[in-house]
Structure formats: C-alpha cells, structure tokens
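Report on the following structure.
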Amino acid sequence: MRGLNADLSAAVSKVLDHDASPKGVHRLRTTIRRIESLVSYANPDMDKKRERSLEKMADMRKRAGKVRDLDVQADLLRTLGNGSTAKDRKILAALLEKKRNRQANRLESAVEKLNASKFFTRMDQIAAQTGAVQDGKNRPLAPLEEAKAQLAEIASEFAIRQAMKPSRLHEARVSLKRIRYLAELADKTAEQRNFIGELKSVQDVIGDWHDWQELTGTAEKRFSDRVNCALLREARTVLGARHSDATSAVNKLFARVLEPVKKPPRSAQSPQPSVRYA
C-alpha cells in the first residue's frame, strides 16, 4: 500500500507539472485502481475523513478516465483508412483534441485541489490500517482464491441472464478489471500469472470494443445530420466486429470457468493399495 501511495504521488506530480501525457494519465488511473482493490480486499476500519479521501481519489480516477478515453479515440481514428473519410477525420480529430484539452485542464484542477488538502496524509494513515490485522474481518480467502471465487460468481450470474447486451458487456469489463487487480495482490506464481494473463486477454478484447463504441458515439453526435457519412459507416462496421469478438471472448471465459471438473480416467487414478493377509 505504501508503494502504491508513492506511485500515486509520482503520478499526481506529473499532472501538477502540466504533463498530463497519455502515459501519465494511464498510470494515474491504474494506480488508483490497484489502491482501491487493495483497500477493498483488506477492508480496514476507517473514519468519515478517510472514506472521503477514497471518494475524492475515485473522482480523480474518473476524471483521468475521461482524458484516457479521448486519447484512445484519437488513436483509433487514425486507423480508419478509407480515403473518402480524410476530411471528416480531420474534423473529428480537432473535436477530440479540443475535448481532450478541456478534460485535461479539469483533471489538473482536481489534482491541485486534492494535493493542497490532507489527502496524502490520510492515504498514509489508510496504508497503516490496511497492513494491520483486523480481528478476522479480512477476507477469509487468499487474493488469488478470492479472485477465482469472484470470477465464478459473475460467470454464474451471466449464464443465468444469457443475452450479452452492450450494457452487460460493459459490466463484464469492469468486473474482470477489478478481479484482475485483486489477483495481482497474490504471490507471484505460475498459476497467478496464467490467471492474470487469461483475464487480461479477455479484458483487452472487451476494451477494444468499448473504445470503438466511444469513438462511434462521438462520430454519431458530430455527423448525425449526414445519412451517408463514410467515416460513420466504417466506424459502425468495425464496432460490430469488435462487439462480436468481445461477446465470444467473454462467453468462452465464463464457459470454461463454469465447466465441471472432470475426474481422471480410472486407469490414470492412483492404484488401490494391495491388501496383505497374514
């Protein structure tokens, strides 16, 4: 927790130096996510002031998320290669840059207010409490086992509801991200690395769909008055393909998680000890 607090302080300093670069903003978001996962897992006793500090941190993450979304949209926009979309790409790129600058300024303002408060003092206090024994209040399972249990739980929920609408796909994206950060708290073993790697691969596919959904939504707002906008048609085509990929990846992951453990064939089981008679 202290290490994560140090990472958070470094990321905040970058923003305060007017360096809200895509890499720096991403680091700020992921560090906050990891802190939230650790505090949620450790479940320390906190007073109202410390709870409020965590709420302010969550607000900062959301502001950073808005900047990050615009950065990704700008990158995706450059991948649309249809020559007839060149002019519209420039129009949309300028719009994204304008929005990005506005959100970056808001992020800087929020970070400045937070840095001027007792935020980091309280985060150090939370770190001390997080490391303390909580009289059995901590989760009964180790981080990796807890992550596996949570994954099985959401897999069951999704299996019951069946249809994978965009809202549920987004829900899966958020849940898998939270579970992955929880698994990162576990001891570094081959099992942990494989579990995290599997989650991350699915996360990446869903994240790609989400990013295209954001870009398509931005394009639809800008070119809503043009029925035959080539850029919009191309973006919608890519979005459809990404949605199919994401749905398939999530369904495969959940199906694997829910499949019953198969017993080894009798020939592979350990032989029964022979009985010797006197």
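The values are calculated or read from the model by the stated rules, or taken from the named source; none is laboratory data. Nothing here was measured: the structure is a model prediction, and the numbers come from that model. No Cβ is skipped: glycine too gets one built from the backbone with ideal geometry, and neighbour counts run over all protein chains shown. Ligands, DNA and RNA are excluded from the accessible area calculation, which covers all protein heavy atoms including side chains. Shrake-Rupley method; radii C 1.70, N 1.55, O 1.52, S 1.80 Å.
Here are a few things to note about the model shown:
- In the calculated pair-distance distribution of region 1-64, the portion above 16 angstrom amounts to 44 percent of the Cα-Cα pairs.
- Taking the protein heavy atoms of the chain in the context of the full set of protein chains, the accessible area attributed to carbon and sulfur is 51 percent at 1.4 Å.
- Residue (of Ala93, Ala127, Ala110) at the positive-pole extreme of region 32-129, dipole from beta-carbon charges: Ala93
- Cβ-based charge dipole, the chain, positive-most Cα from Ile196, Thr218, Ala230: Ala230
- Candidate values (1) 18.3, 61; (2) 23.4, 95; (3) 20.7, 65 were compared with Rg and Dmax of the Cα atoms in Å computed on the shown model; the agreeing label is (2).
- CD proxy at 222 nm, helix term only [per DSSP H run n ≥ 4: -39500 (n - 2.57); per residue of the chain; nearest 500]: -26500 deg cm²/dmol
- Simple Cβ-charge dipole of the chain, Lys/Arg +1 and Asp/Glu -1, about Cα centre, in debye nearest 20: 360 debye
- Dipole of the chain [Lys/Arg +1, Asp/Glu -1 at C-beta], most positive-end residue of Ala155, Leu185, Ala172: Ala172
- Cα centroid of region 11-56 to Cα centroid of region 182-247, whole Å: 24 Å
- Surface/4 estimate of mean projected area, convex hull on alpha-carbon atoms of region 35-117, nm²: 6.9 nm²
- Surface analysis of region 137-236 yields an accessible area of 51 Å² per residue, using protein heavy atoms and a 1.4 Å probe.
- Pairwise FRET efficiency - Asp47 versus Arg233, Cβ, R0 = 45 Å, nearest 0.05: 0.25
- For region 207-223, putting each phi into the Karplus relation 6.51 cos²θ - 1.76 cosθ + 1.60 with θ = phi - 60° gives couplings of x, 4, 4, 4, 5, 5, 5, 5, 5, 4, x, 5, 5, 5, 5, 6, 10 Hz, in residue order, rounded to whole numbers and with x for Gly and Pro.
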